[in-house]
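Worksheet for the structure shown next.
Just so it is clear, none of the values below were taken in a lab; they were calculated from the coordinates. Not measured: the values here are computed from a predicted model. Backbone-built Cβ (ideal geometry, glycine too); neighbour counts: all protein chains shown.
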Amino acid sequence: MNDTTPAIGAAGPTAAEQAPVFQLQRVYLKDASLEMPHAPRIFLESEAPSVDIQLEVSNTPVIDAVHEVVVRVTATAKVKDKVLFLVEGKQGGIFEIRNLSSEQMGPVLGVVCPGIIYPYLRANIADLISRTGLPAIHLAEINFEAFYSQKMAAMQQQGSTPAVSGAGNGVASA
């Protein structure tokens, strides 16, 4: 009789060791700044401001299976040709991600992680702007899946291959 049952204590990964792991370790405000270079005279303008929003997502490996994902927003409001305010915020998140294929890592780092930390950034930007005495600007919801797809398509057109675990950036106007 031939016994094919592995011996107790035999080397080899268990199912639990091979299971995918995705855990949010921390969300934090990495950087925030607000400038109002033409205050208080700019408050006397009656024209409505135009607002330009720039969004960027990046990721960086911290240590084995731990990644930092940062969402950066820059909002610039102008009245005529003068800056009413310029606000920038960077919201970071630290994620433990293990046992995912390289095909899965890109979307997790570029879609799932930014989707988790973006609401925190929206709240921080609205708070900063409301502290100016101006009405808060609430940033729109972002479809990070579409944002990631556009980024990948642009990288393919440029002939570069996306880095899965290295720093990856995406910039868009809103």
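Side notes on the structure shown:
- Relative to the current alpha-carbon distance between Glu145 and Val66, full extension at 0.36 nm per residue lengthens the span by 26.3 nm.
- Euclidean distance between Cα centres, segment 123-142 to segment 11-64, Å: 14
- Cα-projected label distance for Ile116 with Gln23, points at 7 Å along beta-carbon direction, nm: 1.1
- In terms of packing, defined here as the mean over residues of other Cβ atoms within 10 angstrom, the peptides 49-55, 109-115 line up highest first as 109-115, 49-55.
- Once the Cα-Cα distance is subtracted from the 0.36 nm per residue extended length, the Ala154 to Gln104 segment shows a gain of 16.1 nm.
- Charge tally in the Cβ shell below 13 Å around Val21, where Lys, Arg are +1 and Asp, Glu are -1, Val21 excluded: -2
- Straight-line reach from Lys30: taking Cα to Cα under 18 Å and skipping same-chain neighbours fewer than 8 places apart, the lysines in range are Lys90.
- Cleavage-rule hits, GluC sites (Glu not before Pro), segment 30-116, DSSP coil, Cβ neighbours within 10 Å at most 12: Glu47
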